[in-house]
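Report on the structure given below.
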Amino acid sequence: MMLSAPDSPDTISLDQPIPNDKRSKAGKPTAFTMGQRYVPRERLLVAKVTSDLDEAE
């Protein structure tokens, strides 16, 4: 993985934000980025909500 500048052609730009729909076991909203996460580029480009980014799917 390599980071790129905001104006670089290598930087991924999404058409819209990805709303967070993650919930704790108690049903309360929880941060998607709890801990370190790696998400494949392809999954980022098609995700509608953060649960679409989980590896289990």
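Within the stretch 8-57, being assigned to a helix (DSSP H, G or I) and either in contact with a Leu (Cβ under 7 Å, 6 or more places away or on another chain) or surrounded by 11 or more Cβ atoms within 10 Å (Cβ to Cβ) (or both) holds for Arg43, Leu44, Leu45, Thr50, Ser51, Asp52, Leu53.
Residues of the stretch 14-50 that are modelled with pLDDT of 90 or more and among the hydroxyl-bearing types (Ser, Thr, Tyr): Thr50 alone. Residue pairs whose Cβ atoms lie under 8 Å apart, separated by 6 or more positions or on different chains, with the first residue in the stretch 27-55 and at negative phi and the second open to solvent by less than 40 Å² (accessible area, probe 1.4 Å) and in a helix (DSSP H, G or I), are Phe32/Thr50; Phe32/Leu53; Arg37/Leu53; Val39/Leu53; Arg43/Leu53; Leu44/Leu53; Ala47/Leu53.
The values are calculated or read from the model by the stated rules, or taken from the named source; none is laboratory data. Quantities reported herein were computed from a predicted structural model and do not represent experimental measurements. Heads up, the Cβs are rebuilt from the backbone with ideal geometry, glycines too, and the neighbour counts pull from every protein chain shown. These accessible areas exclude ligands, DNA and RNA; they are computed on the full protein's heavy atoms, side chains included. Shrake-Rupley method; radii C 1.70, N 1.55, O 1.52, S 1.80 Å.
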